[in-house]
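Contents: one structure, followed by commentary.
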Amino acid sequence: MKRLKVLLLPLILISYALLYIATSKEFPCNEDCNKVMRVDTTLTRHHDYVWYVTRCGANVVTDTLCIYVKDTAGINWDLFADTTCQVATQVGLSSQKIFIIKATTPFDTLAKKQCP
């Protein structure tokens, strides 16, 4: 019985700590993540057809940016890919591959660009 009392407090503390970590809404963002967020903020602020910008791939740092957009008639997507390269280079993301992707089904790649 004495062992149970001694182990009870540490078990309760560990349980609360794990619960706190699991429900925390703050996710650490590294330097690359901050740069991608700056590209996202710049593009979504100036172009209403941009939904969001993210790294292509599942939680991996790559050299590829996926820009999800509404398929709007009259937009020169190759020119927009050039603009995206300029913004990415300004925030410190050089030599990126840019994919402009229509974000409605069926998904479609509207433009591809290799930034200098």
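The table for this structure:
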{"item": "Condition broken by Asp71, with the remaining ones in (1) charged (D, E, K, R); (2) under 13 Å from the mean Cα position of the chain (by Cα); (3) modelled with pLDDT under 90 satisfied", "result": "(2)"}
{"item": "Flag if Asp40 is part of a helix (DSSP H, G or I), at pLDDT 95 or above, of a type outside the set (A, V, I, L, M, F, W, C) and within 17 Å of the chain's Cα centre (by Cα)", "result": "yes"}
{"item": "All positions within segment 54-102 that are more than 18 Å from Cys29 (Cβ to Cβ) and among the hydroxyl-bearing types (Ser, Thr, Tyr)", "result": "Thr64, Tyr68, Thr72, Thr83, Thr84, Thr89, Ser94, Ser95"}
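Every residue, every condition in (1) loosely packed, with under 15 Cβ neighbours inside 10 Å; (2) touching a strand residue (DSSP E or B) at 6+ places or on another chain (Cβ under 9 Å), yes or no:
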{"position": "Thr44", "(1), (2)": "no, yes"}
{"position": "Arg55", "(1), (2)": "no, yes"}
{"position": "Asp63", "(1), (2)": "yes, yes"}
{"position": "Cys66", "(1), (2)": "no, yes"}
{"position": "Gly74", "(1), (2)": "yes, no"}
{"position": "Phe80", "(1), (2)": "no, yes"}
{"position": "Thr83", "(1), (2)": "no, no"}
{"position": "Phe99", "(1), (2)": "no, yes"}
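The values are calculated or read from the model by the stated rules, or taken from the named source; none is laboratory data. Predicted model only: the values in this text are computed from it and were never measured. Ideal geometry is used to build each Cβ from the backbone, glycine not excepted, and the neighbour counts take in all protein chains shown.
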